[in-house]
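One structure below.
The values are calculated or read from the model by the stated rules, or taken from the named source; none is laboratory data. Everything numeric here is computed off the predicted structure, so don't read it as measured data. Cβ sites come from the backbone with ideal geometry, for glycine too, and all protein chains shown count toward neighbours. Each accessible area value is taken on the protein alone, full model and side chains, heavy atoms only, with ligands, DNA and RNA left out. Shrake-Rupley method; radii C 1.70, N 1.55, O 1.52, S 1.80 Å.
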Amino acid sequence: MTVAEVLQTFRDTRALLDGHFVLRSGLHSRQYFQCALVLQHPRVAERLCGDLAAKLKNAGAQMVISPALGGLFVGHEVARALDVRHIFVEKSSAGKLELRRGFQIARGEKVLVVEDVVTKGGRVQETIDIVQALGGKVVGVGALVDRSGGKVGFGVPFESLLGLSIDAFDPATCPLCQAGVPLIKPGS
């Protein structure tokens, strides 16, 4: 899919929202990608994630890991397209990501980290740190949407279907807050 087709797919499924949003990073933005709305359509999810998998296929991954909840469907679909297994990390009661449910990463296992949307890359980096602490080797990162405009790096190849530079504001200086535009936290 072309960038224009990917963007149109998000619009057609009403997964690209306009307004005043608080992002998972705590920053504010005029636009929000609610990937759950695009991923609720299995054939659309298969196509988007298949295209992302095609960009990542030469990494030689033996498995895919993703942070829950946003990365679950993306990670699963990318793993399916690459014919490798998929596991996920999830929040502990303290709010930190951890590997649970008996999932294992073998020492030296080649791992792709896959997420739905990246703004600052905090959850991706936290996932990378977990993989490395367990002896896995991160060979790449993938996301449906890179909101950073290419400013985020992880020390490994990073691929996305949609790379955009979307303004994200510190809440203290947010022009939308200053203009009194109601703030929405859509959920992530």
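Only one entry of ARG11, ARG107, ARG101, ARG43 meets the criterion of being in a helix (DSSP H, G or I), more than 27 Å from ASP167 (Cβ to Cβ) and more than 13 Å from the chain's Cα centre (by Cα), and that entry is ARG43. The requirement of being touching a Phe, Trp or Tyr at 6+ places or on another chain (Cβ under 6 Å), at pLDDT below 95, open to solvent by 50 Å² or more (accessible area, probe 1.4 Å) and of a type outside the set (Ser, Thr, Tyr) is fulfilled somewhere in the range 165-187, by at least one residue. Screening the candidates ARG80, ARG85, ARG100 for the property of being open to solvent by 60 Å² or more (accessible area, probe 1.4 Å), over 15 Å from GLY140 (Cβ atoms), in contact with an Asp or Glu (Cβ under 9 Å, 6 or more places away or on another chain) and at pLDDT 95 or above yields one hit, ARG80. Just wondering, is there one or more residues in the range 51-71 that are among the aliphatic types (A, V, I, L, M), at pLDDT 90 or above, more than 29 Å from CYS177 (Cα to Cα) and in contact with a Ser or Thr (Cβ under 9 Å, 6 or more places away or on another chain)? Checking the range 51-71: at least one residue is among the aliphatic types (A, V, I, L, M), at pLDDT 90 or above, more than 29 Å from CYS177 (Cα to Cα) and in contact with a Ser or Thr (Cβ under 9 Å, 6 or more places away or on another chain). Here the range 13-32 is the region considered, the condition is being surrounded by 13 or more Cβ atoms within 10 Å (Cβ to Cβ) and without any contact (Cβ under 8 Å) to a residue 40 or more places away in the chain, and the residue that is farthest from GLY50 (Cα to Cα) is LEU16. Residue pairs whose Cβ atoms lie under 8 Å apart, sitting 6 or more positions apart in sequence or on different chains, and linking a residue in the range 153-175 that is closer than 21 Å to GLY60 by Cβ to a partner that is among the polar types (S, T, N, Q), are PHE154/GLN125.
Scanning the range 136-164 for residues that are surrounded by 21 or more Cβ atoms within 10 Å (Cβ to Cβ), of a type in the set (A, V, I, L, M) and out of contact with any Asp or Glu (no Cβ under 8 Å at 6 or more places or on another chain) yields a single hit, VAL138.
Among the residues of the range 56-70, which ones are crowded, with 17+ Cβ neighbours inside 10 Å and under 16 Å from the mean Cα position of the chain (by Cα)? Residues satisfying the conditions are LEU56, VAL64, ILE65, SER66, PRO67, GLY70. Quick one: in the range 108-135, which of the residues that are closer than 20 Å to HIS76 by Cα, open to solvent by 20 Å² or more (accessible area, probe 1.4 Å) and aliphatic (A, V, I, L, M) is modelled with the lowest pLDDT? Of everything passing the filter in the range 108-135, VAL117 is modelled with the lowest pLDDT. Only one entry of LEU97, LEU144 meets the criterion of being without any contact (Cβ under 8 Å) to a residue 60 or more places away in the chain and not hydroxyl-bearing (Ser, Thr, Tyr), and that entry is LEU97.
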